[in-house]
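Enquirer: Just dropping this structure here.
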Amino acid sequence: MDVILKQDAQPLGFKDDIISVKNGYGRNFLIPQGVAILATESARKMHAETIKQRAKKDEKLKAEAEAIAVTLAALTLKVGAKAGESGKIFGSINNIQIAEAIKDAGIVVERRAIKVIGGNPKELGSFEAEVKLHREVSTTIKFDVIAG
């Protein structure tokens, strides 16, 4: 079954993507939740026209995302966590804490767009995370987990 996404739905895709999903998932979850619509012939024609009209706006958003990506790539964030004497932290660092550290640096990024490379850190040290700012723009940020 082909559906057109009405909003970003990770890991499926981004708004206005046409994706194939299993019938039950599409009919019982995506369509009733308002995440997607059925990709009928008429819906595809309307979708093509919408994409055409939105092209200029999307270019502007992409340029803004690229500027933010350059700024983020230059940053090294500090994320504080309670740690024991051996350097292990209590719990782990997740995308919510990284999003807060980015927000403290003056940039707002949705937490769902952040993926920690190699899993959530559970000790002090330097790590990396991937931030997807736009459909075509992503960057890798460095962050240090410090005691505190």
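The values are calculated or read from the model by the stated rules, or taken from the named source; none is laboratory data. As the structure is a prediction and not an experimental result, all values here were calculated from the model. Here the Cβ positions follow ideal geometry from the backbone for every residue, glycine too, while neighbour counts run over all protein chains shown.
Enquirer: Which members of the range 74-86 meet the condition of being without any contact (Cβ under 8 Å) to a residue 40 or more places away in the chain and either under 17 Å from Asn120 (Cα atoms) or in a loop (DSSP other than H, G, I, E, B) (or both)?
Expert: Listed by number, the residues that qualify are Gly84, Glu85, Ser86.
Enquirer: I need a count of the residues in the range 40-53 that are modelled with pLDDT of 90 or more and either β-branched (Val, Ile, Thr) or in a loop (DSSP other than H, G, I, E, B) (or both).
Expert: The total comes to 0.
Enquirer: Let me ask something else about it. Is the range 39-50 home to any residue that is in contact with a strand residue (DSSP E or B) (Cβ under 6 Å, 6 or more places away or on another chain) and under 24 Å from Val137 (Cβ atoms)?
Expert: Yes; the residues of the range 39-50 include at least one that is in contact with a strand residue (DSSP E or B) (Cβ under 6 Å, 6 or more places away or on another chain) and under 24 Å from Val137 (Cβ atoms).
Enquirer: Need the failing condition index for Ile107 against (1) within 23 Å of Leu5 (Cβ to Cβ); (2) assigned to a loop (DSSP other than H, G, I, E, B); (3) of a type in the set (A, V, I, L, M, F, W, C), just the number.
Expert: Ile107 satisfies all of (1) within 23 Å of Leu5 (Cβ to Cβ); (2) assigned to a loop (DSSP other than H, G, I, E, B); (3) of a type in the set (A, V, I, L, M, F, W, C) except (1).
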